[in-house]
C-alpha cells in the first residue's frame, strides 16, 4: 500500500463516485492507498450490499486489521465528523437512520499463521452509543468461515467487556453464502433465503455454532432502550422473504402480566414476523436460571400457537415446519429443558 491519491490532491467531493466519496470520508488524512482494482471491487460490493440489505448507506468502513491498528484515532475522528455532519443536516423531528456499511477484508492467511486479528478498533467505532439512530450492516461475504467465526467470537466477547459503554443492537450480517445473521434487541436470527436450504441442517447452522460460544448468552441478553432502529427488523424480513430461520430469543418472564408483552416487545414481534414470512422456523427460547412458571408463560405459548395457526393458513400449500427449544440459562451456559 502506498500514498492515497485521493488524499494527496485537492478533492471536490461532489465530483467523486459514491464509493470514492465513502473511502475519502472514512480514510481522509490517512496514508493508505486503494488501487483501481480494489476500488472497482468495493464498488461492486457496495452495489451487492444495497441489494441484499435492501437499503442505501450513509457511511462505509472497510476493515483491514493493519489499517485499523495503525490509524484507529484518525478513523474514529473521520467517523465522528460524518456523524456531526449528519446531525447538523437532520432536523429534530426527522427520524432518519444513519446506515453504516462495514465490509470486512479476508485475512484468513494471517489468522492461520498465528497473527492476532483484533476487531476491537472496529467495535470501538461501530458500537459506540450515539444520540442518533444507527443501523449496522456488516458484509463478510469474502471471508473464510474460520475468519467469520473469529469475528463472531470476538463480537460476543466484546459485548461482555463493554456492555454498558457500547450498544450491541440492530446488527445485520451478510454471510459468505448470502445467508444472514441479525441481532435485534434480545433476538438473534440466522436467516436463509435459499430454496435449496435443508431445514434439518439448521442444527448445524452458523447460529447453532454461535451457541457454543461461552459469551453467546451475554450477547443475546444485551438490551438497550428501544429506538426506531429496532422497528426495521419487520421491514427487513418482509423484503428478504426467508425460506428458513433459526432464532435465539431471550424472554424475561419476571414481570407483571400487564407489563410482560411490552417488556419483551421485540421478541414477540420477531416470533410473529418470522412465522408470518417464513414457512420453516426453529426457535431457541432462553429463560433465566431463576425462572418459575407464571401466567406470562401461558401468554407466550398462546403467542406461539396463534402465530403457528396463521402460518398454517398462509403456507398451507407448502406446509409449515416449527420447532421450539426452551433452554434454561444458568450463568453463561444454557441447558435444554423442553422441546416442542
Q: Identify which of 317, 277, 256 has the largest mean-square fluctuation in a Gaussian network model of the chain, with springs joining Cα atoms closer than 10 Å.
A: 317
(Q) Give me the extension gain from residue 16 to residue 76: residue separation times 0.36 nm, minus the current Cα-Cα distance, reported in nm with one decimal. (A) 19.4 nm
Q: Give me the percent of DSSP beta bridges within the chain that run antiparallel, rounded to the nearest 5.
A: 40 percent
Q) So what is the 222 nm mean residue ellipticity for the chain from helices alone, if each DSSP H run of at least 4 adds -39500 (n - 2.57) and you divide by all residues, rounding to the nearest 500 deg cm²/dmol? A) -12500 deg cm²/dmol
Q: Would you compute the Debye intensity of segment 1-178 from its alpha-carbon atoms alone, equal scatterers and no solvent, and pass along log10 I(q)/I(0) at q = 0.13 Å⁻¹ to two decimals?
A: -0.67
Q) Would you list 85, 164, 58, 189 from fewest to most Cβ contacts within 10 Å? A) 164, 85, 58, 189
Q: Sticking with the crude label model, points 7 Å out along Cα→Cβ, report the distance from residue 178 to residue 50 in nm, one decimal please.
A: 1.7 nm
Q) Do you know the relative contact order of the chain, to the nearest whole percent, from alpha carbon pairs under 8 angstrom that are 6+ apart? A) 12 percent
Q. If you take the beta carbon distance between residue 160 and residue 115 as r and set R0 to 30 Å, what does 1/(1 + (r/R0)^6) give as a FRET efficiency, to the nearest 0.05?
A. 0.80
Q. Could you give the length gained on full extension between residue 106 and residue 142, defined as 0.36 nm per residue of separation minus the Cα-Cα distance, in nm?
A. 12.4 nm
Q: Could you work out how far apart the two model spin labels at residue 196 and residue 256 are, taking each label as a point 7 Å from the Cα in the direction of the beta carbon, and quote it in nm?
A: 5.5 nm
**Q.** GNM result for the chain, Cα springs below 10 Å: residue of 309, 280, 109 fluctuating most strongly
**A.** 109
Q.
Checking a compactness column here: for segment 62-151, what do you get for Rg(Cα) / (2.2 N^0.38 Å), N being the number of residues?
A. 1.24
Q: Multiply the residue separation of residue 33 and residue 128 by 0.36 nm, subtract the distance between their alpha-carbon atoms, and state the gained length in nm to one decimal.
A: 31.5 nm
Q.
Testing the spin-label approximation: label points 7 Å from Cα along Cα→Cβ at residue 238 and residue 321. State their distance in nm.
A. 2.7 nm
Q: Give the Kirkwood hydrodynamic radius (Å, one decimal) of the chain, defined as one over the mean of 1/r across all pairs of different Cα atoms.
A: 21.3 Å
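Bear in mind that the values in this text are calculations on the coordinates, not laboratory data. Please read all numbers here as calculations on a predicted model, not as lab measurements. All Cβ positions, even for glycine, are placed from backbone atoms using ideal geometry, and neighbour counts span all protein chains on display.
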